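Asker: First the structure, which I've put down as structure tokens, then a few questions once you've had a look.
Bear in mind that the values in this text are calculations on the coordinates, not laboratory data. Predicted model, so just to flag it, every value in this text is computed and none were measured. No Cβ is skipped: glycine too gets one built from the backbone with ideal geometry, and neighbour counts run over all protein chains shown.
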Amino acid sequence: MKNSLIILALLFSGCARHAPPATAPPAQSIAKKSYVIPFERTESGLMTVSVIININTDHPDFRPLPKRLVVDTGCARTCFFVSNKAVSDLSKILPHAKLDERRMANGSGMRVCTFDPARVTVGDVSVDIPVDASGYDIRLDMPFDGCLGIDFLSRFNVQFDFHAKTMALTER
């Protein structure tokens, strides 16, 4: 009888209901801002967006004329094109500008003036990043003024709607 009581006690103790472990309340998702930016396509199919680049962040209210930049995930840095003479002039005008010589993929050199930081504004979103003014012998009929690079784009989840011709930038 004593053995059967012990067995019954063991069985019941193993079958006792335990309260489920406390669980944390479900995480509240924080709404991330999303910006819808219209784009245009060039004749060759490149997507361009209107971008304001303020290279003089000492005057944040200054709004230069917008530039048409190609959305380019293969371009490491956001840049705009100016004449080779303008590159040298820009480096003398703004104290935080740095003149440099870079090698292009074909091995030739290119003069670059870097502004660190510059304010890049696309639609309602602005990001302070280094921007290059690349010296170029510009053709007058080029359908764009530079490239919106991965340094800007990588800060967002980017989604294209080719039918609506829009690019959605959602904060990461």
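Asker: Order by neighbour count: M167, M104, M47, fewest other Cβ atoms within 10 Å first, most last.
Answerer: Sorted ascending by nearby Cβ count, the order is M104, M47, M167.
Asker: Under 16 Å Cα-Cα from K85, which lysines qualify once same-chain neighbours fewer than 8 residues away are excluded?
Answerer: K98
Asker: I want to check the label-to-label distance for A105 and F62. Put each point 7 Å from Cα in the C-beta direction and report it in nm to one decimal.
Answerer: About 3.3 nm separates the two model spin labels.
Asker: Cα to Cα, under 12 Å, and not fewer than 8 places away if on the same chain: which aspartates and glutamates meet these conditions relative to K67?
Answerer: Cα-Cα hits under 12 Å: D145.
Asker: Oh, and also: I need the peptides 82-92, 113-123 ranked by packing, meaning the mean over residues of other C-beta atoms within 10 angstrom, with the highest value on top.
Answerer: Details: 82-92: 15.4, 113-123: 19.9.
My ranking of the peptides, most packed first, is 113-123, 82-92.
Asker: A further question follows. Nearest 20 debye, what's the magnitude of the dipole of region 47-172 about its Cα centre given +1 on Lys and Arg Cβ and -1 on Asp and Glu Cβ?
Answerer: The dipole of region 47-172 has a size of about 200 debye.
Asker: Checking the cross-link filter: which aspartates and glutamates have an alpha carbon closer than 15 Å to that of K165, excluding same-chain neighbours under 8 positions apart?
Answerer: E40, E43
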